[in-house]
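First up is the structure itself, then whatever we jot down about it.
The values are calculated or read from the model by the stated rules, or taken from the named source; none is laboratory data. This is a predicted model, so every value here is computed, not measured. Note that we place each Cβ from the backbone using ideal geometry, even for glycine, and neighbour counts take in every protein chain shown.
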Amino acid sequence: MTHSVTGNGARIKMYTTTWCPDCWRAKSVMESQGVDFVEIDIEGDEDARELVQRLNNGFMSVPTIVFPDGDVITEPSTTALMAKLTKQ
């Protein structure tokens, strides 16, 4: 899922959990591309958890990645994530 919200600063924010294999994959992709991002674990951060739920129609879907341009992608495939990263 991709949609847009108001921009939120200069760095990409990736909302994750420690147990999520899709989060591990997304982090690996971003790190391999040298992308600067902030990881926020929603398990220990109630405000982050609420934000993820608002962005995902009540679901705590991770990874939820918020880009500085306001775009949000949730549970992206490697292909979708790479496509977005190459547009940055």
Report task. Give just the number: which of (1) under 11 Å from the mean Cα position of the chain (by Cα); (2) assigned to a helix (DSSP H, G or I) does Ser61 not satisfy? Result -> (2)
Requested in this report: Tally the residues that are touching a strand residue (DSSP E or B) at 6+ places or on another chain (Cβ under 8 Å), farther than 19 Å from Ser61 by Cα and either modelled with pLDDT of 95 or more or part of a helix (DSSP H, G or I) (or both), restricting the search to the range 4-41.
Outcome: 0
Report summary line: The residue from Val38, Val72, Val62 that alone is surrounded by 13 or more Cβ atoms within 10 Å (Cβ to Cβ), out of contact with any Asp or Glu (no Cβ under 8 Å at 6 or more places or on another chain) and not small (Gly, Ala, Ser) is Val72
Query raised in the report: If you take the residues in the range 42-83 that are farther than 18 Å from Thr17 by Cα and among the charged types (D, E, K, R), which one is modelled with the lowest pLDDT?
Result: Asp69
Query raised in the report: Are there any pairs, at least 6 apart or on different chains, whose C-beta atoms fall under 8 Å, with the first in the range 23-51 and under 17 Å from Arg11 (Cβ atoms) and the second acidic (Asp, Glu), and if so, which?
Result: Lys27/Glu39; Ala48/Asp41
